[in-house]
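The values are calculated or read from the model by the stated rules, or taken from the named source; none is laboratory data. This one's a predicted model, so the numbers in the text were calculated from it and none came from an experiment. Cβ coordinates were reconstructed from backbone atoms using ideal geometry, including for glycine residues, and neighbour counts include every protein chain displayed.
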Amino acid sequence: MSTFESVIGLEVHVELSTRSKMFCGCRNQFGAEPNTHVCPVCLGMPGSLPVINRRAVEYLCKTGMALGCDVAPHSKFDRKNYFYPDMPKNYQISQYDMPLTSGGAVTLSSGKRVRLNRIHLEEDTGKNIHEGGRMTEAAATLVDFNRAGVPLMEIVSEPEIATPQEAEEYLGALKAVLSFIGVSDVKMHEGSLRCDANVSVRPVGASELGTKTEIKNMNSFKAVGAALASEIARQIALAQDGQRIVQETRGWDDARGTTYSMRSKEQAHDYRYFPDPDLVPLSLDAATLAAWKSELPELPAQRRERFVSQYGLPDYDAGVLTENRADADYFEAAASASGDPKRVSNWLMGDVRKALETHDLTLTTTKMRPEQLAALIRMVAAGEITGKSAKTVCDTMVAEGGDPQAIVAAQGLGQVSDASVIGGIVDRVLSANQDSVAAYRSGKSKALEFIVGQVMRESRGKANVDVVKALLKERLG
Amino acid sequence: MSDNGKLTVPGAPTGHALRDAIAAKQRTAEEITRDALSAIERLEPQLRAYITMLPDRAIAKARDVDRRIARGEQVGSLAGIPTAVKDIFCVRDAVTTAGSKILERFVAPYSATVVEKLDAADAIIVGKTNMDEFAMGSSCENSAFFPTHNPWDTTRVPGGSSGGSASTVGSGAVALALGTDTGGSIREPASFCNIVGVKPTYGRVSRYGMIAFASSLDQAGPMTTDVRDAADLLEAIAGWDPMDSTSVDVPVPRYADALRTDLSSVRLGIVREFEESIAGDAAMAQLYKAAYADLAALGATFVDVSLPHAKYGLATYYLIAPAECSSNLARYDGVRYGLRKNGSGDVFSMFEQTRAAGFGPEVKRRIILGTYALCSGYYDAYYVRAQKVRTLMKQDFDAAFAACDAIACPAVSCPPFPLGAKSQDPVAMYLMDYFTIPMSLAGIPALSVPAGYVNDLPVGLQICAPIFEEARMLGIAHAYEQATQHARRRTPAAAATA
Amino acid sequence: MADVPIDIAYTARLARIALTEEESTRFAAQFERLFGFIRELQALDVDRVSPTAQVVPLANVLRDDEEKPCLSQEAALANAPEREGPYFKAPRILE
């Protein structure tokens, strides 16, 4: 067992889902044709000047208030000066010594609180594409400035995360809060949530921190966990071997499952921070902050507790359904339409989730509305269709939308309960499966299950299984 | 047409005279524009005041103004008046260089707010004037392209950095021009070229589209034949701009209404430290003494004021301005626009070669100085300290203005000097801004108005006022101008050859 | 070499300007006089003075979160020294 413990801090960058960019009126949109959402300001053209987007400030303050941070009464923007081809001005407008919020904490599902150091506002850079593949093989750099100037919130935690598992939980909890207050679409695969990690190891019980390395280039929560695990192992191996750990930036190579040194020939950057003379300070008054605070919706933790207490859901289900706002809202809409929250929860966690995965959809992108799910659940309870047919209907609704009644009619999936119709099928199955009948009569109860299954198959899943069982009991005794 | 090397257009009219002529239907905007264009063309070989001429744009605009007048439509306050703009202002679809090789072929995709205001006022923009590169200089000799000449003596500099604007207005070819002032770049060339130059309160005029040198100091302002034109031009360009976070939402008065002809009950401050400084040059001291006497004759009373920290102006300015410019000029890297020069194959060496080839020595010097002043370890000792001394200088002015309504003082320490005289010694050049820097650091409005001649060369009087008191300042300048008529009076030498 | 505190070579690297030896030497000599003035600032007692944050005090200049017309792709790329299709093209990043 390792006698070392790991200490982890996370820096999460979140792109805010404002309509326009941080300092100009260009559209804030992912995935557009390159260089179509740009203007003199976000291209850093001569003579251009920034103007702060009020909503970005609002979103950050709301995030801070949701996480229990202190919102600074006085705040300002500073220039962080460095050269890079995706930097339109070769300085980034950010916040250095007077961030918008400080303190606060993210509460993990285990209940552990990871304190935050600060949250500040800055602008995103453009995107470099390395023509010819990876940066090390590239022949040239192609640059798209659509992303340049998008408002970015940087959330810095204290180094209080203990394990890679906790890191993933932290990210999940943070993502849930951000999605609930609606400030970002938090899609790591689209870059609207990015994570850098700082990690060090030390002997268990030591109070001093070991040398930390910074890990970049992790593209999913899982990658964060894997990268941290790998790096911690690497550091422990070095430490056990009496070797020094170099303070450096390392990238995560997902394919190889290792971190690699990104130490460039450059010395450490001197960012030469100074207050941006093109902007004026922020002095947020109590009334504005109070108004924003009152607009905060119920947060994930509160919602989760309410799902348990109000709807009687198990903790686990409540947790899954409050991972993001859209899912939680969907559940409540369906639950109130159906009047049977437990069943709704089971469907959402089970067959609906399966169908969504099959069709690469989410509860936000599916055409199936909560009321339609509720209607389907009612039809099953009323015996109008079998459970099996319902799965098919669900799959269709998720993929294409539509009313369950219409789908059942179109696909001829109505449950058959007519004993005379089922009786005919039962008789055919029994006569075709004499050996099973014999097996059942000789005590093998499994043979009955087989026969029931055959009847269901013959009826294409439409037979009311209770009626089947009753008829079989009658025929077989 | 020259006498003693003095190049002017005889009988050159003021902007307001032209406006009156158009209103009275005596002249059309197109005629006036063509006259201006040919005057400029005639004088250019000796003055070299322009980087780019915009004759098509000008004629098209002039015709549009004439058409609308003929239809009886309302036209703007500067309708039909040819106007030059310093090549620091982006004009959409026109080459805009800031006097630098690094932007030699840059075609701006948008216009500066002040340019849009000129267009809205129906002024006729005729061309982009020469300037010291990125507004860094006091003689126009730092232009990457060529130096501009002083119309009063073509062997001499027109001043800088708004040298081209000063020269073309001083020559009489156009009545109106826009310049920019960061540490004196409107006032000093105005003094050298015998015209009126106004640096407004910081934040009075929008900086959007004005290529940045030092963000907390730069201001656009009028450079004109007379104070009346300066008042009208200032009114047209001033005002809050949502695209400039540092522009101030204060109403723009009709400055022309403040143009007075006497100065009774005006208390003028005379700055002890400035008078001590100018006393070193007998001819200059005498000129300013005469100017103060003229002001007294108009009814002004004088108050002794002190700006004890003015002597730190140079050091303060030459830490703050380079620091801000080192950051503002980082964007010129050959990626998105402008000059590109490849290096050893990677992008960083491209940056280094591009900027080495694209920037002149003064710009490089200030970027190095400014970068250093912001470096970790030096930031507090240099940049922060300079900003603190700046606060002291502001407080000096606050105290002074408690005792007076405006301050009268020298605009320059000497008349225009010969081309090449100071270009080898940067600090000698920096000292040209001694009298103008403190007002820039404090953000207060200041102007230069013609005050006479030393050795037949023009010298200007500086007047400055508390923030947003441009009206008061223009009023005082107007009274002085009307009483003394220095700009119209020929020099003794010129009179002798008449 | 003139006695100025600036490491000109290091600063030029930070500022991404390739200076020649000659320029470095010349600038150092030219800075010397200016530093004479700058040193005078060090003598002032500014302990109880706040740095000028802004010349004309303003706060909370914010704009509404509205989309405004931007440049067309062609206008954006019109001044590009080098482009490839819809992208700005620059040399590779690694040395």
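Of all residues in the stretch B:100-118, which are among the basic types (Lys, Arg) and under 17 Å from B:PHE213 (Cβ atoms)?
Answer for the stretch B:100-118, where residues must be among the basic types (Lys, Arg) and under 17 Å from B:PHE213 (Cβ atoms): just B:LYS101.
Can you tell me which residue among B:ASN142, B:ASN130 is within 19 Å of B:PRO82 (Cα to Cα) and under 19 Å from the mean Cα position of the chain (by Cα)?
After applying the criteria, what remains is B:ASN130.
Can you work out which of the residues in the stretch A:441-474 that are assigned to a loop (DSSP other than H, G, I, E, B), out of contact with any Leu (no Cβ under 7 Å at 6 or more places or on another chain) and crowded, with 18+ Cβ neighbours inside 10 Å is modelled with the lowest pLDDT?
If we take residues in the stretch A:441-474 being assigned to a loop (DSSP other than H, G, I, E, B), out of contact with any Leu (no Cβ under 7 Å at 6 or more places or on another chain) and crowded, with 18+ Cβ neighbours inside 10 Å, then A:GLY461 is modelled with the lowest pLDDT.
State all residues of the stretch B:237-261 that are outside any loop (DSSP other than H, G, I, E, B) and either modelled with pLDDT under 95 or surrounded by 24 or more Cβ atoms within 10 Å (Cβ to Cβ) (or both); if no residue qualifies, say none.
B:ILE237, B:ALA238, B:TYR255
Output the qualifying pairs, or none if there are none: Cβ atoms under 8 angstrom, residues six or more apart or on different chains, first residue in the stretch B:244-255 and within 14 Å of chain C (Cβ to nearest Cβ), second residue hydroxyl-bearing (Ser, Thr, Tyr) and not in a loop (DSSP other than H, G, I, E, B).
Matching pairs, first to second residue: B:ASP244/B:THR113.
Taking into account only those residues within the stretch B:332-347 that are more than 7 Å from chain C (Cβ to nearest Cβ) and either modelled with pLDDT under 95 or in contact with a His (Cβ under 7 Å, 6 or more places away or on another chain) (or both), which is surrounded by the most Cβ atoms within 10 Å (Cβ to Cβ)?
Here the residue is B:GLY343.
I'd like to know if the stretch B:183-194 contains one or more residues that are aliphatic (A, V, I, L, M) and closer than 30 Å to B:ARG67 by Cα.
Looking for residues that are aliphatic (A, V, I, L, M) and closer than 30 Å to B:ARG67 by Cα, one finds none in the stretch B:183-194, hence no.
So B:ARG57 passes all but one of these: (1) under 19 Å from B:VAL115 (Cα atoms); (2) in a helix (DSSP H, G or I); (3) without any contact (Cβ under 8 Å) to a residue 60 or more places away in the chain. Which condition number does it fail?
Condition not satisfied by B:ARG57: (3).
It is to be established whether one or more residues within the stretch A:193-216 are within 14 Å of chain B (Cβ to nearest Cβ), at pLDDT below 95 and part of a loop (DSSP other than H, G, I, E, B).
no
Inside the stretch B:418-440, can you point out the residues that are of a type in the set (D, E, K, R) and part of a helix (DSSP H, G or I)?
B:ASP433
State the number of residues belonging to the stretch A:24-40 that are more than 9 Å from chain C (Cβ to nearest Cβ) and either surrounded by 21 or more Cβ atoms within 10 Å (Cβ to Cβ) or at positive phi (or both).
Number satisfying all stated conditions: 1.
Restricting attention to the stretch B:89-124, report how many residues are within 20 Å of B:ASP333 (Cα to Cα), in a helix (DSSP H, G or I) and not basic (Lys, Arg).
2
Residue by residue through the stretch B:136-159, note down the ones that are out of contact with any helix residue (DSSP H, G or I) (no Cβ under 7 Å at 6 or more places or on another chain) and among the hydroxyl-bearing types (Ser, Thr, Tyr).
B:THR155, the sole residue that qualifies.
So for the stretch B:158-170 (the condition being surrounded by fewer than 24 Cβ atoms within 10 Å (Cβ to Cβ), at pLDDT 95 or above and part of a helix (DSSP H, G or I)), does at least one residue qualify?
No; the residues of the stretch B:158-170 include none that is surrounded by fewer than 24 Cβ atoms within 10 Å (Cβ to Cβ), at pLDDT 95 or above and part of a helix (DSSP H, G or I).
Say we look at the stretch B:292-331 and pick out the residues that are buried (at least 24 other Cβ atoms within 10 Å of the Cβ), touching a Gly at 6+ places or on another chain (Cβ under 7 Å) and of a type in the set (A, V, I, L, M); which of these is nearest to the other protein chains (Cβ to nearest Cβ)?
The residue in question is B:ALA323.
Let me confirm something: among B:VAL384, B:VAL363, B:VAL389, which residue is more than 7 Å from every other protein chain (Cβ to nearest Cβ), assigned to a helix (DSSP H, G or I) and within 22 Å of C:GLY36 (Cα to Cα)?
Criteria check complete, one pass: B:VAL363.
Say whether the condition of being charged (D, E, K, R), surrounded by fewer than 18 Cβ atoms within 10 Å (Cβ to Cβ), without any contact (Cβ under 8 Å) to a residue 12 or more places away in the chain and not assigned by TED's automatic domain parsing to the domain that holds A:ASP466 is met by at least one residue in the stretch A:380-401.
no
Restricting attention to helices (runs of 4 or more DSSP H) lying wholly within the stretch C:8-93, give those where 1 or more residues are within 7 Å of chain A (Cβ to nearest Cβ) and crowded, with 19+ Cβ neighbours inside 10 Å.
C:8-14, C:73-77
Name the residue that is farthest from A:LEU284 (Cα to Cα), counting only residues in the stretch A:41-56 that are in contact (Cβ under 8 Å) with a residue 24 or more places away in the chain and within 7 Å of chain C (Cβ to nearest Cβ).
Of everything passing the filter in the stretch A:41-56, A:LEU43 is farthest from A:LEU284 (Cα to Cα).
Given the criteria touching a residue at least 24 places away in the same chain (Cβ under 8 Å), within 14 Å of chain B (Cβ to nearest Cβ) and either hydrophobic (A, V, I, L, M, F, W, C) or over 30 Å from B:SER216 (Cα atoms) (or both), does A:LEU282 qualify?
yes
Would you mind finding the one in A:ARG303, A:ARG256 that is among the basic types (Lys, Arg) and surrounded by 17 or more Cβ atoms within 10 Å (Cβ to Cβ)?
Being among the basic types (Lys, Arg) and surrounded by 17 or more Cβ atoms within 10 Å (Cβ to Cβ) holds for just one of A:ARG303, A:ARG256, which is A:ARG303.
Can you spot a residue in the stretch B:421-438 that is farther than 21 Å from C:ILE8 by Cα, at the interface with another protein chain (Cβ under 10 Å from one of its Cβ atoms) and touching a His at 6+ places or on another chain (Cβ under 6 Å)?
no
Given the criteria farther than 30 Å from B:ALA293 by Cβ and assigned to a helix (DSSP H, G or I), does B:TYR378 qualify?
No.
Just checking, how many residues over the stretch B:441-490 are touching a residue at least 24 places away in the same chain (Cβ under 8 Å), in a loop (DSSP other than H, G, I, E, B) and over 30 Å from B:ALA386 (Cβ atoms)?
4
If we scan the stretch A:76-85, do we find a residue that is within 9 Å of chain C (Cβ to nearest Cβ), under 16 Å from C:ARG63 (Cα atoms) and in contact with a Gly (Cβ under 9 Å, 6 or more places away or on another chain)?
no
With respect to B:GLY377, determine if the residue is within 7 Å of chain C (Cβ to nearest Cβ), among the small types (Gly, Ala, Ser) and surrounded by fewer than 24 Cβ atoms within 10 Å (Cβ to Cβ).
So B:GLY377 does not fit the description; no.
Checking the structure you have, find out if any residue of the stretch A:3-19 is more than 9 Å from every other protein chain (Cβ to nearest Cβ), basic (Lys, Arg) and within 29 Å of the chain's Cα centre (by Cα).
The answer is no, given that none of the residues of the stretch A:3-19 is more than 9 Å from every other protein chain (Cβ to nearest Cβ), basic (Lys, Arg) and within 29 Å of the chain's Cα centre (by Cα).
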